[in-house]
Amino acid sequence: MSLEARYVPGMRIALRDAEWRIDRVDVPSHGGMLLTCTGQSELVRGRTGRFLTDLERNPEIL
């Protein structure tokens with residue numbers, strides 16, 4: 001499975017001890033993926049986060 005197919009908008013992930021909903025997936029020219037997410041768990045609810053998959057430790061798909 002390609003990385004582009006691994007993460008899709010609407011999917012929920014666990015990252016940095018919080019739950020996020022993926023809103024947008026971009027593929028930057030330098031590789032990896034840029035995930036634009038909205039926080040779902042209490043600490044980050046309603047906040048926007050942008051994460052580069054190359055720099056994060058395996059976001060867990062929920």
Item checked: Residues of the stretch 1-14 classified as within 17 Å of LEU55 (Cα to Cα) and modelled with pLDDT of 95 or more, total -> 2
Next item on the list: May I ask you to list the residues in the stretch 29-42 that are surrounded by 11 or more Cβ atoms within 10 Å (Cβ to Cβ), more than 15 Å from ARG6 (Cβ to Cβ) and not β-branched (Val, Ile, Thr)?
Entry: GLY39, GLN40, SER41
Margin query: Can you find a residue that is assigned to a loop (DSSP other than H, G, I, E, B), surrounded by 15 or more Cβ atoms within 10 Å (Cβ to Cβ) and within 8 Å of the chain's Cα centre (by Cα) anywhere in the stretch 1-9?
Written below: yes
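Residues of the stretch 18-62 being charged (D, E, K, R), part of a loop (DSSP other than H, G, I, E, B) and without any contact (Cβ under 8 Å) to a residue 12 or more places away in the chain, which ones?
GLU42, ARG45, ARG47, ARG57
The values are calculated or read from the model by the stated rules, or taken from the named source; none is laboratory data. Here the structure is a predicted model, which means the values were calculated and not measured. Heads up, the Cβs are rebuilt from the backbone with ideal geometry, glycines too, and the neighbour counts pull from every protein chain shown.
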